[in-house]
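This report concerns only the one structure given below.
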Amino acid sequence: MAKVKFDRVTVKYGDHTVIKDYSLEVQAGEILGIVGPSGCGKTTVVRSLGGFLNPDEGEIYIDDELVYSKKRRVNRSPEQRRLGIVFQDYAVWPHLSVWDNVAYPLKKRRAAKDEIAKKVKHALEQVRMTGYEKHMPAQLSGGQQQRVAIARALTSSNDLVIMDEPITNLDAKLREGMLEEIRAMQRRLKTTIIYITHDQEAALQLCDRVIIMQQDGQICQIGTDEEIIEHPANRFVFSFIGVSNFIPVTEDQGRYYLWKKDPALCYASQAPQGYLAGKKNVMGIRPMDIVFDDASPIKAVITQDVFLGSLFNYFVRLNDVELRVQRSTLDSLDGREYHEGDTVGLRFLNEKYYDEEEAV
Ligand SMILES: Nc1ncnc2c1ncn2[C@@H]1O[C@H](COP(=O)(O)OP(=O)(O)O)[C@@H](O)[C@H]1O
Ligand SMILES: [Mg+2]
């Protein structure tokens, strides 16, 4: 297992700066997720680390060894960096058999024949593709092809494997299975894995820590799944990792109102936890954290109710805005039913406050 460090790396395409002063440390043996919307610079990070792109500024280290610094004129070749990469689109070479695909990095490195045989066998075992050595990629399913690509990455390096959207092209059911296998394989081999995806759910499920990137290539949060879910660093993270409602909040003489000063919209008579004094606040609230409570003075009307199996999904209208509310089937064991047209009281739990003027 290897460590990785990016120290203030900047990459520009012409006058378009994709990542700026990008710093991160990946610990040996962890699965680190890099998540962000399409176009935010994730693949740029991968290509910089792999040695396929030369950043304009900053330094990159693999296991304390400097592998790239423009200033210090260091630029190790992709082979010298000894890492395995699984790409989304060109997974395997179509003209090579499974065995030859997986053996390729070793042959390129001029490894001895028996070492090649041993490592290819081991890698194919890890991805459960033993027995397919002579198959050509066209004879394999998409999921099997991606397994071969992962096996090939493993023969490049047992220490560090980067996966750039490796399963985005697979169907949902296969994706779920592959995530579990990647996790199990990582536990066995203790390989450091950097897992890139735009799918925040997959990342939070798979990774030890996740980096959330914003559209402009900035890192807005690094943390465990729990830290990110419980304490989203900003409004972007809050909205990126799940369904959300945002409601502007107004304070007047110690009373707190949704949207505007109107007695029917007053929801608190003391500063709510997390409220940002002196700022224009916007409340972020998850559908599960809006609770129906007859005692609440905030009254809304249900405009839609849909039963989704494990939960009820509602839209409620309040101050001419529709909010999303969810209630788990367990909560409804009290026998109380809510339907379209009903007036309900709303109470807010675990709400977060963000500065409305903060750039997102
Ligand atoms: N070779 C290139 N030339 C110019 N712009 C590029 C090139 N590759 C990527 N970009 C731009 O850099 C930004 C980040 O791209 P990329 O790293 O591929 O994002 P992601 O992998 O997060 O979708 C995008 O705006 C993209 O258009
Ligand atoms: Mg990409």
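The values are calculated or read from the model by the stated rules, or taken from the named source; none is laboratory data. Source: prediction; values computed, not measured. Cβ placement follows ideal geometry from the backbone for every residue including glycine, while neighbour counts extend to all protein chains displayed. Ligands, DNA and RNA are excluded from the accessible area calculation, which covers all protein heavy atoms including side chains. Shrake-Rupley method; radii C 1.70, N 1.55, O 1.52, S 1.80 Å.
Results, tabulated for the structure shown:
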read-out: Members of the range 153-182 found to be modelled with pLDDT under 85 and among the small types (Gly, Ala, Ser), listed by number; value: ALA172, GLY177
read-out: Selected residue [under 23 Å from ILE241 (Cα atoms), open to solvent by less than 70 Å² (accessible area, probe 1.4 Å) and among the polar types (S, T, N, Q)] from ASN319, ASN313; value: ASN313
read-out: Index of the failed condition, VAL18 passing every other in (1) open to solvent by 10 Å² or more (accessible area, probe 1.4 Å); (2) in contact with a Cys (Cβ under 6 Å, 6 or more places away or on another chain); value: (2)
read-out: Members of the range 118-146 found to be open to solvent by 60 Å² or more (accessible area, probe 1.4 Å), without any contact (Cβ under 8 Å) to a residue 12 or more places away in the chain and more than 26 Å from MET1 (Cα to Cα), listed by number; value: GLN139
read-out: Test: residue in the range 58-71 that is within 16 Å of ligand 1 (Cβ to nearest atom) and under 18 Å from THR192 (Cβ atoms); value: yes
read-out: Failed condition for GLY223, given (1) at pLDDT 95 or above; (2) in contact with a helix residue (DSSP H, G or I) (Cβ under 7 Å, 6 or more places away or on another chain); value: (2)
read-out: Qualifying residues in the range 40-64 (those that are within 16 Å of ligand 2 (Cβ to nearest atom) and under 19 Å from ARG82 (Cβ atoms)) - the one surrounded by the fewest Cβ atoms within 10 Å (Cβ to Cβ); value: PHE52
read-out: Failed criterion for LYS113 (all others in (1) open to solvent by 80 Å² or more (accessible area, probe 1.4 Å); (2) within 16 Å of ligand 2 (Cβ to nearest atom); (3) at pLDDT 90 or above hold); value: (2)
read-out: Any hit, the range 30-39, residues being polar (S, T, N, Q) and either within 16 Å of ligand 2 (Cβ to nearest atom) or outside the structural domain of ILE219 (by TED's automatic domain parsing) (or both); value: yes
read-out: Residue in the range 322-342 that is open to solvent by less than 70 Å² (accessible area, probe 1.4 Å), outside any loop (DSSP other than H, G, I, E, B), touching a strand residue (DSSP E or B) at 6+ places or on another chain (Cβ under 7 Å) and modelled with pLDDT under 90 present; value: yes
read-out: Test result for ILE85, part of a strand (DSSP E or B), surrounded by 14 or more Cβ atoms within 10 Å (Cβ to Cβ) and at pLDDT below 95; value: yes
read-out: Residue that is at pLDDT 90 or above, open to solvent by less than 20 Å² (accessible area, probe 1.4 Å), in contact with a strand residue (DSSP E or B) (Cβ under 9 Å, 6 or more places away or on another chain) and within 30 Å of PHE348 (Cβ to Cβ), where the choices are ALA202, ALA149; value: ALA202
